[in-house]
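The values are calculated or read from the model by the stated rules, or taken from the named source; none is laboratory data. Since the model is a prediction, treat every value here as computed from it, not as a measurement. A quick note on method: Cβ atoms are made from the backbone with ideal geometry, for glycine too, and the neighbour counts reach across all protein chains shown. These area figures cover heavy atoms from the full protein model, side chains too; ligands, DNA and RNA do not enter into them. Shrake-Rupley method; radii C 1.70, N 1.55, O 1.52, S 1.80 Å.
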Amino acid sequence: MTHAIERREVALVDLLDRVLAGGVVISGEITLCIADIDLVRISLRALIASVRVEAEEAEDDQQPRS
């Protein structure tokens, strides 16, 4: 039994807004080697998030709770 998957078109701007609202982490690793000898290893990790969302969350954390 096959189920049809509903296709929705999403604008790139809407997709980017959703990703930035929640944030995304991009990570990777690069290794340069010659003759099976590792010469350089670079580990990368980047957090991409909206500054507006992060600022609003920081303000909420600073407000006293009742």
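Checking LEU47 against (1) surrounded by 10 or more Cβ atoms within 10 Å (Cβ to Cβ); (2) at pLDDT 75 or above; (3) outside any strand (DSSP E or B): exactly one of these is not met. Which one? For LEU47, the exception is condition (3). Contact map, the stretch 30-50: residues that are of a type in the set (D, E, K, R) paired with residues that are open to solvent by less than 70 Å² (accessible area, probe 1.4 Å), Cβ distance under 6 Å, separation 6+ or inter-chain. Pairs shown: ASP38/THR31; ARG41/THR31.
Scan the stretch 33-42 for residues that are surrounded by 10 or more Cβ atoms within 10 Å (Cβ to Cβ) and hydrophobic (A, V, I, L, M, F, W, C) and jot them down. Can you show your working first?
Here is the first cut: in the stretch 33-42, the ones surrounded by 10 or more Cβ atoms within 10 Å (Cβ to Cβ) are 33, 41.
Residue satisfying the conditions is CYS33 alone.
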